[in-house]
Every structure is written in C-alpha cells, then in structure tokens.
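Colleague: Structure incoming, see below.
We did not get these values from a lab; they are worked out from the coordinates using the rules stated. Since we're looking at a predicted model, the values are computed, not measured. No Cβ is skipped: glycine too gets one built from the backbone with ideal geometry, and neighbour counts run over all protein chains shown.
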There are 6 protein chains.
Amino acid sequence: MSEHAVSRFPVPALEELPGDIRAAIETVHEKSGFIPNVFLALAHRPAEFRAFFAAHDALMDKSDGLTKAEREMIVVATSAVNDCLYCVVAHGAILRIRAKNPLIADQLAVNPWKADLSVRERLIVGFALRMVNDSASVTDADLQALRDGGLTDDEIWDIGAITAFFAMSNRLANLTSMRPNDEFYAMAR
Amino acid sequence: MSEHAVSRFPVPALEELPGDIRAAIETVHEKSGFIPNVFLALAHRPAEFRAFFAAHDALMDKSDGLTKAEREMIVVATSAVNDCLYCVVAHGAILRIRAKNPLIADQLAVNPWKADLSVRERLIVGFALRMVNDSASVTDADLQALRDGGLTDDEIWDIGAITAFFAMSNRLANLTSMRPNDEFYAMAR
Amino acid sequence: MSEHAVSRFPVPALEELPGDIRAAIETVHEKSGFIPNVFLALAHRPAEFRAFFAAHDALMDKSDGLTKAEREMIVVATSAVNDCLYCVVAHGAILRIRAKNPLIADQLAVNPWKADLSVRERLIVGFALRMVNDSASVTDADLQALRDGGLTDDEIWDIGAITAFFAMSNRLANLTSMRPNDEFYAMAR
Amino acid sequence: MSEHAVSRFPVPALEELPGDIRAAIETVHEKSGFIPNVFLALAHRPAEFRAFFAAHDALMDKSDGLTKAEREMIVVATSAVNDCLYCVVAHGAILRIRAKNPLIADQLAVNPWKADLSVRERLIVGFALRMVNDSASVTDADLQALRDGGLTDDEIWDIGAITAFFAMSNRLANLTSMRPNDEFYAMAR
Amino acid sequence: MSEHAVSRFPVPALEELPGDIRAAIETVHEKSGFIPNVFLALAHRPAEFRAFFAAHDALMDKSDGLTKAEREMIVVATSAVNDCLYCVVAHGAILRIRAKNPLIADQLAVNPWKADLSVRERLIVGFALRMVNDSASVTDADLQALRDGGLTDDEIWDIGAITAFFAMSNRLANLTSMRPNDEFYAMAR
Amino acid sequence: MSEHAVSRFPVPALEELPGDIRAAIETVHEKSGFIPNVFLALAHRPAEFRAFFAAHDALMDKSDGLTKAEREMIVVATSAVNDCLYCVVAHGAILRIRAKNPLIADQLAVNPWKADLSVRERLIVGFALRMVNDSASVTDADLQALRDGGLTDDEIWDIGAITAFFAMSNRLANLTSMRPNDEFYAMAR
C-alpha cells in the first residue's frame, strides 16, 4: 500500500457502491470540488458509513445554539488532543471558512489557551477539552458552571455530543490512517 | 433532579416521541422486560438517537468474524478505561449472557490482564485497549502483528470501530450521567 | 500452573502451616463457608501473613468513626484505581453486605463520581482517591477542608491508612495474580 | 503545629505508650542514638504500629536471597516515585550504610537509570519500578523474564512485597507529613 | 494588554535596544520582510537574548550531518508536544520552506506517526520525541539502536541538543504568550 | 566507555580546547577545587558551550529580585521533575551553600510540598513546577495570582526563564548521561 493511500483498508470503487452512498459522494464532490477522503475510507462499510454521516449531520449541520464555527472549534481542539491528522486538517479548513479567520484553526490545534477566543468560545472549548480528556468526573456542578457562564442546556449537550462523536471519528481515522486530502491544508489561509 | 434520574437532561415521555423511536423502544421493552435507560436518555435528541442505534447495530448485531461475546468483551474492557458506569454495567450483563460466563465481565472491567481469556481473546482485547488509550500511534506494523496473530482485516476493523463507537458512547453516558437500570447489575451472575 | 491457580507462587497445604495460621484459616472457612484465596496465597510467607492480617484487622474490624461500610467503600474505590481484581471482587462483595446495597460496589469500582453516595461518603471517597493517586502533595489545607466537611482527625487517619494498606494489598494481589474465589462475584447481588 | 513537627497527627509521650511499643522505641533509640520519627508518628495507633513493624521486619531484616543493600535499593527507588520524603531520606541513609556507597542513594532517588548498578541490581530495581508504577499488568511472562535473568521466585516475591509494603509506608508518611530526622540527611555521606 | 500583544512582558522600542541586538533585528527584518516576534519578546532581556540566539544559531544554522529540514522537523514535532504555538507556527513555516513540502509541518505537529517521513526521518523524529517526553530513561542501548539505524554520534547529539534547546524555547514562548506573526501561518503553503 | 565516564560523548583534553573555554574551565577549577563535569561534557561542542554558560550566567549569577538561593531552589525542584541526576546533585550542593541549609536540597528534590519553605518560596517553587510540567496552559490569570502574592514581573520572568533553561540543561545531561562529580554529593551537608 502506498504511503499516500487514502486508508489502510480497501477503498471501494465508486461504481461498486450502493446508490445512496454513491449519491452522497457525488454531492460532496460537486460541492467541494474534490471528494474528502473520509467518504472514501468509510465507504468500505456502507452501514457504518450511513450511521456515521447521519450522526455527523445531526450535530454539525445546524446553527441554532452553537454557531457552525463554534461547532468546528470543538472538533479542531478535541481532535488535536487525540492527534487525529485527518480531523485537524480537514476540519481546520472548514473552521477557517466558517469563522472567517485564517489563524484560528492552527491556534486551537496547537494551544487552545493561546487562541484568540471570546469568553463564550473559551467556555465552549474548555468544556470540550474536559469531555475529551476526562468525561468520567464531570459533575452536576460542572454543568451548572457552564449554565452560569451563559450556555443553555442544549448547547451543553451539543458540546458534549460533538466531542463524543469526534472521539469516535478520531479513532476511526487513526485506525485507517485516513489521509487528509492535500486540498485541505492550504484552504482559506 | 433526583439522584436516581435516568439522565441529567430531559427524558421525553414515550407518547411524545416520533413513531419509529417509540417503536424501537417498545421492541426492546418487550425483548428485555424493561427499557434500558440509554434508549430513554438519547430519545431527547431523535436524530442523534437514530444515528446512534444504526451505528450500534451495524457493529454489534452481527457475528461473522468476531463473535458477539468478543464484541461485548471489547465494549466492557474499553468502557472501563473510560470509567463509563452505564456501559460497563449494561454491557457487562450482555457479555455474561453472550459468553455464558458469570465472571468474565468483572474480570475485564477491573483488570483485563488477569481475565480468563484465550490467546485470541487476549489479542482482541489488547488491541481494543491500544485503540482506546492511544490510537494515534497505531502503525502498519501493529496491524501486521494482529494479522500474524490470526485476525482478519475485517476483524481488526471491527475491534477498532467498536472501540471508537464506545469512545463516543462512553462520553455521552458520562455527559448525561446515564444511569444503568438496576436490572443489569445482577443479570446472569 | 493452571490459568485458575490461586496464586502464581506456591500455596502450602493446610496441614503444613503453622498452627496459628491454620487456625485463622479454619475460622474464616467456618464463617464464610469457603476459604478466601488471600489467606491461601499469603500463607506462603507466614510472618508476612501474620503482619498483613494484623494490619488489616486493626483498620477494617472496627466501626467507631468510619462505619464498616465506609471502610469497604474506600477499599473498593482505591483498589479499582490500582486495577486489583482480587480486592475489587472480594471487597465488593463485603461492601454490598455491609452497605446493604447491591449496586454500590460496581458503582464505586467503575465510576466513583456517579455512585449513589451521601455528601459524607463523597468526602471520604474523594480523599481516598487523592491518597491513592497523589498522596505526596496532600497539604495541611487539604486536611483542614476535610475537617470543615465534618470528618474527625481519627476518621481522616483511617481513610489514609486504609488506602495505604490496600496500596500494599493491591500490589501483593497483582504480584501473585491472586484469584478471587468464584463465590465473591455473585454474593449479595 | 510547628512546621517542624514530627507528624500532622498527635505524637504520644513515651510514658503513655504500651510497654512493648515503648520497649521497641527504647531499643531503636539505643541502637541509633536517636528515635527515628516513624516510630513516634505511628505510635499514635499502637495496633497499626505493631503490624507495621512486624511487616517491615519480616521483609527488611533478612538477607537470604536479596541482600540487605538490595532491599534498601528497592525502598529508595520506589519511595522516590511516590515522592516520600521520610522514606527516601531515612532509607537513603540506611542504603548508604548497607551498600557502603555514599552515592547510590541519591542516584537511585533521582534517576535509577543513571545509578551505578550491577546487572542484577538493575533487574531488581527495574522490577520494583514496574511494581510501583503498574503492578496490574504484570504477567507470567514478566516473571519468567526475571527468572531468566537469574532471580529466584523468593527474590521476585521479596521485590514485589517490599515495593508493596513501601507503597503503604509512603502513603502513611505523606498522610502524616512525617518528618525525617535531621540526622538521616548527612549520615554515611 | 491587547489580546494580540507580542508578549505578556514589556517589548522595548527598537531605538532603546543595545546596538548589537538592534542590528540583529534589522538584519532579520530585511531578510524576512518582517520582524519575527521572538526577537522582540526576548529583547526585553538583552543578555538572555544574546545567549538564546547564539545557542539557536549553533544548532540550527548548519547542515552537516542533519539537514536543515531535518533540524526543523525536530523543532516542529517536539514543540507540538509542548503545545508551543509560536514555535509550531513559526518553525512550521520554516520547515515547509526547507523541506519544500507544504504538508509536512502540519503532519508532524498533529501526528508524527502519520507524517510522510523517510525511514531516516522517522528515526530522527522518534528520538526527538523520546528526548522531549522522557529523556531520563535514555540508555546506552537506545543510543546504540540509533547508531545501528545509521545515525552518527554527532547527529544523535544534534537531535538531543535541538530538542533540549526547544524545551527551553517552548517554555519561554509559553511564559510570555509569545504571539506568532500572522505572516507565518500561510507561508509556503 | 566506563560506567563512570563523565559523558557518553567524547570529552576533549583541556589542551585541545579553544582558549576562552580553557580559561573558563581553569577559573572554575580554581574556584571550586575541581572541574564540574558539565564543563567537560559540553566542551565537546564549543559554540554550544559558550551559549550555554552565557545563558546560565545571565540567569543564575545575579541576585536582584530573586535571591541566589531562590534561583537554586527552582533548579533543584524542576530538575527533580525531569529526573536529572547531574542538576539535582550539583545544584543541590550549591543550594545548600546558598541557603545555608543542609536539608533543603533533598527536601525540594524529593517532595517540594513537604520542604521547609516560606510563603514566598512556596509561591516561587509552585510556579516553577507549573512551568516545567505544563507551561502551555499558563494564563494571564496565573501571572496575576503571582503578582497578587507579591512577586514582581521581573521575578516571574526569572522563575519561568530559569525553569526553561534547566528544561534544556536537564535534557543535555540526560542525553550525555552527564555524571555529577563525587564531590557534590556530600558538599555542605
């Protein structure tokens, strides 16, 4: 397998894929101009592919409560904790676009305490880091502190659930050695 | 909220739920004799509920390659690393049933190196622990060692993907302080 | 040596043992209906056996200050940190009996922050976890906080000393791969 | 309480102590020229005092298998891991005497990989460090490697049991903030 | 102090600086087209500034043995371990230039095990990670393994010394909250 | 190479050294009565030697703000975290001299929370430990707390910069297995 393979596991040809998965891939291809490798790597397992993107879209494709940029901040900061190359690079690009800020993704990936964040963003990212590093000891008092800081219960759930989803996603990417498309690295710099 | 609440977040009444979710809950209720709290806690977010159980079923409701007992071993051992009370207690019960072994769940939860495992089971659990603790540094050589030990690529994917799914699941349970039903504790002892 | 051996080290026959040790073992056999394996495993070293159980009894067979249930909570929570199968399983059983609570042992072993504990019990378990994980940095101010929470100095000593004793005990059990008797797993569920 | 107190807990006057404890203290006083503070601090709890020193003497006052110097090496190296001031300073002094080596205690306390150790001593200290840091994952294969390196099963038990005893001892010293006597620091330099 | 300050500590005006420091800054300004903030932040302490850049240049401005790109790889990989925003961003830019590879800096910063490295580069980066995370336990055998892999003793020293220098540099940047110039982020993408 | 070598790397003969380095070594030889091995080990790389001692002297050879004893406390406490035998032993000796206290070096090296420190010294050592263990998350609020405790900004910089310098120094000593001169161990006891 070449060092630059999309995945350590087999990647099916588009024409072998079930129609709905092929359609999803064609849609993202048109929209992005290239096929993000996560679609190809996970297509190896169609049922898991469908559930993965259903979960992803339920958490990431909305902007009530947390903005789309705030959601991507959670992804980048927590994926960096898990050393997930695909997620940091791909979602770093999306974050730069969503936040209209060319610096924020690298800042969050390298050192979230030095990132240019608002007080609200700092609260969001701080809880995401807690959830990725030590969710076990999160108490009612921790949640109350977030409410006192101005977050709603729906926002708190979203922070936790996005962090949880990417705890899965990061491990899938690390398992498969999922390669970020070269396009992501320089996007929106 | 009572100390014995199912979740820190609102739990919808069954009659308020979308039909498919209500049906899924009624099915599990009939089969188990009670409603496992994970169904109630996640029903707070129907779209996430659907994706969660779709992913769960895609990984856990099959027995080609890894047996169902082996799948549950992965869940118990890795959920213990994440201190997830719900997953260890509920899937501990399922593991005792699947493995027809009343001791194995506690052994895996407390000290997987002391559990009564076959060589194959030890290889499976060992890789699951690697994936939960440090997936980032998993190399091609690590996968080759698993193949050399007799695991197929599909089994390796399953170990990684089940560990990944429960890395998400553990965090959701810790976020919501999801309470295991009392029934699980003594089941199949 | 069978996978189900009591210990990795030789286990003497009862009739070879010094009279006092044999008598102690016969007493516990009568009381429990079986011989807990810790008695057999440590009988390999009579002088260490005597000192071990003298220390154990001095800390665990009393109920002034900390109740017997509270003492067992400390054992289960801290032995889980050290991944000690024997202590979690055997003392888990004793805790279920002492606390008349079939759930509390698993709760404390898996996630002490989610266990059904009173404020006082939470204080006790919290300090025990501190003592097992990082006793070095315990300051006078930490002890004062426990006093402010209502614990006496004798109770504080007991929490620390029980945690210390099981830090030893856990390592002996892990050294010998001491096997919990099958009876403990289902006791008082 | 003065910053230089022997213990954070009450230290009984010698004349208040049970006769056997008083006698033990007088014996060590005569032998050493001063009373090591561990005797005073633990005298607060006579039953625990007796069990503690019985265990200590069973492990430390013999020289079959491991030499007395090798036993003290285990104490110093593992007590340093637990940041136990009393044990490192007091047993550091004893080690310098036993090993007739003024440098070895500081070397083991600061960096055991740089200490002037023989191959056998390195094996002993290495297993002690494993037992103090991660006894849970010690397998039969680990013990076999020690046997292959020339250690007997009795020596292996002693390394593990001494490490276990000082895991207790270190926590008691940290709990009580047990102060090493000034005399120990410069002894046998 | 603005969120976008160069440093948490005072930054002297150029005209207040000693002549040699001012000259050094003017030289780098001309060469780079902007003044990298590390020059401004450290100018607060002229004697430390001089020693810092003397050490830097002694290690980084040469290409016998390790190439300049290899030296920058060490900086990026180890600075990422220390979460040093300045060093990862600034030296990431330099690495992209030196290695003529727009992807390598992000790869090394996020997950060095997934980076596109040659066998030699992997050996270099692997030892650098060992030196930053746990230099204490590096043994003669570790060095021999590097020699067996083809590295010279001078190259081994350089890997260790560059890692050591940036262990200092990372802490200075974290102390001062040294801000990477915006120019670095997009350079050589 | 003998077990007692000064360094794992070549140590040049004095007469081969550049004049300035030779002079520096002769000066310290006269002053101390022996040549501290750090001078010999680093002389292998003259340019690095010069920069190292320039940085060292800029931070350690002054006593405005932090006293010389306070500076050495930082060195001993943080070098112990990094398990650096040379720095703990050599600077432990210097600290005993500077602080006119034969106990303080061992106390700081083994357990800084138990050391006989003033409130000010505790603040200084506490921040040094933070800087060595986790400089990345140091915030403006952390610095403000130090100012509120009575430290000036120049003292805060010095604590951070000394810790940073010895993070480098510890790694160089661990790389080279730099051996502390025997003389240091017993000095000023």
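Colleague: Please indicate, with yes or no, whether at least one residue in the range E:104-120 is within 14 Å of chain F (Cβ to nearest Cβ), more than 16 Å from the chain's Cα centre (by Cα), hydrophobic (A, V, I, L, M, F, W, C) and surrounded by fewer than 19 Cβ atoms within 10 Å (Cβ to Cβ).
Modeller: For the range E:104-120, residues within 14 Å of chain F (Cβ to nearest Cβ), more than 16 Å from the chain's Cα centre (by Cα), hydrophobic (A, V, I, L, M, F, W, C) and surrounded by fewer than 19 Cβ atoms within 10 Å (Cβ to Cβ): absent.
Colleague: For D:Met60, only one of the following conditions fails: (1) more than 29 Å from D:Thr176 (Cβ to Cβ); (2) within 14 Å of chain C (Cβ to nearest Cβ). What is its number?
Modeller: D:Met60 satisfies all of (1) more than 29 Å from D:Thr176 (Cβ to Cβ); (2) within 14 Å of chain C (Cβ to nearest Cβ) except (1).
Colleague: At least 2 residues that are basic (Lys, Arg) in each: list the helices (runs of 4 or more DSSP H) lying fully within the range B:107-189 that qualify.
Modeller: B:119-134
Colleague: Please name all residue pairs, on different chains or six or more residues apart, with Cβ atoms under 6 Å, provided the first residue is in the range A:26-47 and is exposed (fewer than 14 other Cβ atoms within 10 Å of the Cβ) and the second residue is outside any loop (DSSP other than H, G, I, E, B).
Modeller: That search, which allows pairs on different chains as well, returns A:Phe34/A:Glu183.
Colleague: Same structure again: Please determine whether any residue of the range C:149-157 is within 10 Å of chain D (Cβ to nearest Cβ) and of a type in the set (A, V, I, L, M).
Modeller: So the first thing to find is which residues in the range C:149-157 are within 10 Å of chain D (Cβ to nearest Cβ), and the list is C:153-154, C:156-157.
Pick out the ones that are also of a type in the set (A, V, I, L, M) and you get C:156.
Checking the range C:149-157: at least one residue is within 10 Å of chain D (Cβ to nearest Cβ) and of a type in the set (A, V, I, L, M).
Colleague: Right, something else. Find the residue count for the range D:67-86, including only residues that are in contact (Cβ under 8 Å) with a residue 40 or more places away in the chain and more than 9 Å from every other protein chain (Cβ to nearest Cβ).
Modeller: Qualifying residue count, the range D:67-86: 8.
Colleague: So, one more: Considering only the range B:58-67, state which residues are surrounded by fewer than 19 Cβ atoms within 10 Å (Cβ to Cβ) and either among the polar types (S, T, N, Q) or within 11 Å of the chain's Cα centre (by Cα) (or both).
Modeller: B:Ser63, B:Thr67
Colleague: To continue, here is another question. I'd like to check something: does the range B:91-108 contain any residue that is touching a Pro at 6+ places or on another chain (Cβ under 7 Å) and of a type outside the set (Asp, Glu)?
Modeller: yes
Colleague: Further, regarding this structure: Going by the structure shown, is C:Ile162 among the β-branched types (Val, Ile, Thr), away from chain D (no Cβ under 11 Å) and crowded, with 18+ Cβ neighbours inside 10 Å? Break it down into steps so the answer makes sense when it comes.
Modeller: On the way: among the β-branched types (Val, Ile, Thr): yes; away from chain D (no Cβ under 11 Å): no; crowded, with 18+ Cβ neighbours inside 10 Å: yes.
In short, no.
Colleague: Now a separate question. I need the full set of residues from the range C:171-189 which are surrounded by fewer than 19 Cβ atoms within 10 Å (Cβ to Cβ), at the interface with another protein chain (Cβ under 7 Å from one of its Cβ atoms) and touching a residue at least 40 places away in the same chain (Cβ under 8 Å), in order please.
Modeller: Within the range C:171-189, C:Arg189 is the sole residue that qualifies.
Colleague: Pull up the range C:1-24, narrow it to residues that are out of contact with any Pro (no Cβ under 9 Å at 6 or more places or on another chain) and assigned to a helix (DSSP H, G or I), then point me to the one that is surrounded by the most Cβ atoms within 10 Å (Cβ to Cβ).
Modeller: C:Ala24
Colleague: Filter the range A:76-99 down to residues that are closer than 17 Å to B:Met168 by Cβ and not aliphatic (A, V, I, L, M) and give me whichever is surrounded by the fewest Cβ atoms within 10 Å (Cβ to Cβ).
Modeller: Of everything passing the filter in the range A:76-99, A:Asn82 is surrounded by the fewest Cβ atoms within 10 Å (Cβ to Cβ).
Colleague: Confirm whether D:Phe9 is facing chain C (nearest Cβ under 10 Å), aromatic (Phe, Trp, Tyr), touching an Asp or Glu at 6+ places or on another chain (Cβ under 8 Å) and in contact (Cβ under 8 Å) with a residue 40 or more places away in the chain.
Modeller: So D:Phe9 fits the description; yes.
Colleague: Consider A:Asp140 against the criteria (1) within 10 Å of chain B (Cβ to nearest Cβ); (2) free of Cβ contacts under 8 Å to residues at least 60 places away in the same chain; (3) surrounded by 15 or more Cβ atoms within 10 Å (Cβ to Cβ): it satisfies all of them except one. Which criterion is unmet?
Modeller: The number of the failed condition is (3).
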